[in-house]
Each structure stands twice: as C-alpha cells, then as structure tokens.
Amino acid sequence: MFNLQMSHPLSSLTSGAISSPFSQLRKLLAGIAPGHEKPIELTIGEPREAMPDFIQAKLDEATALYGKYPPIRGAEEARKAISEWLAKRYVLPGGVDPERDVLMLSGSREGLFFACLPAVGRKDVQGRPAILMCNPYYSAYVAGAIAVGAEPVYLNATKATGFLPDLDAIARDEALLKRTVALFINSPSNPQGTVADRSYILKALELARAHNFMLFLDECYSEIYTEAAPLGGLEVAAATPERFRNLVVFNSLSKRSNLPGLRSGFCAGDPEFIEAYGEVRNMCAPTVPLPLQHASAAIWRDEAHVERSRKAYRDKFLISDNVLGGRYGYQRPAGGFCLWLDMSQFGGGAQAAVTLWQRAGVKVIPGSFLAQTGRDGTNPGADYVRVAMVQDSKTIQEALERTISVLR
C-alpha cells in the first residue's frame, strides 16, 4: 500500500510498495509450470496487428534528419498532421492550432508522467497536493504523482459506477478538491473498455474549471472499437465557451497503428498549459527523432491500416461473444482490446490467474495488480482478470476455450 508518511516522494517506488503488475505476476507464478505444452500469453497490451506497410520508406526519406536535434514541441509537419487528424476524427469548431495546442511526445506514457510537473506548479494549495486517478490506473499516473510529491488518490471504477470514477462523490469532497492539481481519466478505459460519454466528460471538465485543476484524458485506445467511435475530450471542450481550458488529451501511435516501439505520441489542449509544459519538456523530457516524426505525420494521415486492425479486433470480439456468452460477467467492451472478466466465484483474480496458468497454460493479469486500495478501502480489481486480445483470432479462440474448460 501507498504510505503517506514516506520520507521521500520516490520511496514507495524504489521500495517496491508500488510495483509493475508484470513484476507482481512473475512473483505470483514463480515456480509454477504451465499446464499446456503451448502456453498462450495474454498479459501485455502490445498490439500485434500489421504495421503500416509504408513506414520504412518514410523513415528512409528522412535519414539525414538523424543529424539534427528534434524541436521539443515537435516538427511543424508532424504537429500539422496531428491537428488535421483531430479535426477529421472529431467535431471541433475552430479546429486545433498546431502551433499553440499540440506537443509531440515520445509515446504517451512519458507525456502522462511529465505532465504532473507543470500541473503541480500551476495551483497553490494548502498542504500536500493531490493527483486523482481512475482505479484501475495506468502506472504513469501514479509514478508522476509520486515523483512530484503529490498524494495519489485512487478513485475506484467499479461495475456500480459504470467502470468510471464517481465524479459526484468527488464533487462533494471540498477539502480534497482544494488540494487537487490534476485528475487522470482513461477513456476508453484500460482494462474495462468503458467509454466516457459527453455528459461525463463535461462534468469532469466543469469540476476541473471550478477548482482550477487539470483534467488529463488518456485516449490512447480511442481508435480501437467494434461499433461506435469513442467520443473525445477535445470535442466536448470545443463546444464550450472556454474551449480547451483546463483540459489536455493524450494519444499515440502505439495502439492505433500497432507501433508501440516507435515511441510517437502527442498531447493537445489548453494552450497555456501546453506552453508551460513545453518549457518543462525543453529542460528534461525526451524528444522524438525527426525521421520518426516524418514517418508519424504520414501514419496519422492514413486510415486504411487502422481500419484493417479494427476488422481484426471485430473478429476477435465476435469469438469472445460466441465462446464466453454470459460467463464471467462478460460484455463486449465499447473500446480498447481487453476483456475484464469477473472471477469472484473462482477465488478472485489472483487465484484464477494461477489456475489458468497451472491447468491451461493461459497467462492473464490479476485485476488487483492493476489497481490500488481505493478511498473506500477496497481494491476494485480484486475479483477480476484482464485478458489482452492481442494474439491472432485462432489463438484467442483456443485461449478462451481453455479458460472455460477449467473455470466452469
């Protein structure tokens, strides 16, 4: 558990009090042999669909640019491509200014982490600053909070709350809101696959503006869906008189374009925050090499490869519908590529993960490893396992059939 009396902000990370879910899984399964001659790995959210076939040609076109330092805000070409993509993807009256509203990131993970630096410095608070985050959460949120000396406040996202944090409960806590400098929300959420609707995003934005904190929307799964395209935060904010004030969204090519190794992403939103964030990044954050930015611009402008990936995920979720039916509380997620399966009748997520590995050779992540004990004293992931649907359709079908054969 997180210790609020720690002697140094980073001690809870270096001591192992908070650790990677994959480190926890290695310890959980240590010494346990897989119960099948062909183990199936469904833990890491690493997309394995086809990359854009033109990427190497684009990198080759810009080889000479490895000899130049990349501008910290991103090359004009890349920022323009991102702003054009945003304007096509969402309804954005007035568009997005590539000069003022966009920053290139070395993937969204480092961007989410470093965003905590300017967030904690833009608001004077009495006592310890607080950074609120959906729970389950992405590790960069809590690492960023701890690195700046803020208190990570875990907002349980459960079935009862629609698998998103209960904003009404937060709105009633004036003492906490006075200390709050940022709120992280993931939509589509990882691992539950929930998409925040317009009223939810607007409520979060109004809360951020009323109490002068930053709303950070992590939208890295926005392009993975089988039915309706998820709504984006910029679209909601653009319809308000204050447009992007107090809002920054994060996205990348990792999930959309099956390029987790490219390390190319962006953040966009509040121009005042973007300006301050750019100054912070200029001092300490990684930059994206210019050839990668050149390739990224072409990738953001191409939708054909994205639709091919969506077709592959549709096929895999159709398999899930047919194999799982109503087992484990399964419902096809609105976005993302994970299943969030209720294993409470099998001893909870950790026990089910051991059973699946030991008896079926299927490796999944216990939900408790993706979350912390929330404000109500419970871990919202304790009953669940996360299944990353990143293997091919045939392998996914076999994994799910093995699952129901041992967890009946």
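The values are calculated or read from the model by the stated rules, or taken from the named source; none is laboratory data. Because the structure is a prediction, the values reported are computed rather than measured. Cβ sites come from the backbone with ideal geometry, for glycine too, and all protein chains shown count toward neighbours. Note: areas computed on protein heavy atoms with side chains; ligands, DNA, RNA excluded. Shrake-Rupley method; radii C 1.70, N 1.55, O 1.52, S 1.80 Å.
Please work out if V354 is touching a residue at least 24 places away in the same chain (Cβ under 8 Å), assigned to a helix (DSSP H, G or I) and touching a helix residue (DSSP H, G or I) at 6+ places or on another chain (Cβ under 9 Å). Spelling it out, V354 is indeed touching a residue at least 24 places away in the same chain (Cβ under 8 Å), assigned to a helix (DSSP H, G or I) and touching a helix residue (DSSP H, G or I) at 6+ places or on another chain (Cβ under 9 Å).
Would you call L339 out of contact with any His (no Cβ under 6 Å at 6 or more places or on another chain), at pLDDT 95 or above, surrounded by fewer than 22 Cβ atoms within 10 Å (Cβ to Cβ) and not charged (D, E, K, R)?
No; evaluated as a whole, the condition is false for this residue.
Just one of (1) hydroxyl-bearing (S, T, Y); (2) surrounded by fewer than 24 Cβ atoms within 10 Å (Cβ to Cβ); (3) modelled with pLDDT of 95 or more fails for T226. It is (3). Taking the criterion of being at pLDDT 95 or above and either open to solvent by 40 Å² or more (accessible area, probe 1.4 Å) or charged (D, E, K, R) (or both), would at least one residue in the stretch 176-188 satisfy it? Among the residues of the stretch 176-188, at least one is at pLDDT 95 or above and either open to solvent by 40 Å² or more (accessible area, probe 1.4 Å) or charged (D, E, K, R) (or both), which makes the answer yes. Among the residues of the stretch 63-71, are any more than 23 Å from E307 (Cα to Cα), under 25 Å from the mean Cα position of the chain (by Cα), at pLDDT 95 or above and among the hydrophobic types (A, V, I, L, M, F, W, C)? The answer is no, given that none of the residues of the stretch 63-71 is more than 23 Å from E307 (Cα to Cα), under 25 Å from the mean Cα position of the chain (by Cα), at pLDDT 95 or above and among the hydrophobic types (A, V, I, L, M, F, W, C). Take E272 and tell me if it is more than 25 Å from Y141 (Cα to Cα), without any contact (Cβ under 8 Å) to a residue 40 or more places away in the chain and open to solvent by 10 Å² or more (accessible area, probe 1.4 Å). So E272 does not fit the description; no. Exactly one residue out of A297, A350 is farther than 30 Å from M214 by Cβ, crowded, with 18+ Cβ neighbours inside 10 Å, at pLDDT 95 or above and not hydroxyl-bearing (S, T, Y): that is A350. The residue that is surrounded by the most Cβ atoms within 10 Å (Cβ to Cβ), counting only those in the stretch 151-175 that are free of Cβ contacts under 8 Å to residues at least 60 places away in the same chain and under 20 Å from F250 (Cβ atoms), is P165. Annotation: of all residues in the stretch 308-326 being of a type in the set (G, A, S) and closer than 18 Å to L407 by Cβ, the one that is most open to solvent (accessible area, probe 1.4 Å) is G326. Total residues in the stretch 109-148 satisfying the condition of being in a loop (DSSP other than H, G, I, E, B), open to solvent by 40 Å² or more (accessible area, probe 1.4 Å) and of a type in the set (F, W, Y): the figure is 1. Residue check: is E99 within 24 Å of E279 (Cβ to Cβ), within 15 Å of the chain's Cα centre (by Cα) and surrounded by fewer than 20 Cβ atoms within 10 Å (Cβ to Cβ)? So E99 does not fit the description; no.
Taking first residues from the stretch 191-214 that are free of Cβ contacts under 8 Å to residues at least 40 places away in the same chain and over 19 Å from Y137 (Cα atoms) and partners that are charged (D, E, K, R) and open to solvent by less than 60 Å² (accessible area, probe 1.4 Å), the Cβ contacts under 9 Å between residues at least 6 apart in sequence or on separate chains come to R198/E235; H211/K123.
Residues in the stretch 206-218 that are crowded, with 24+ Cβ neighbours inside 10 Å and either among the charged types (D, E, K, R) or farther than 10 Å from N246 by Cα (or both): L217, D218.
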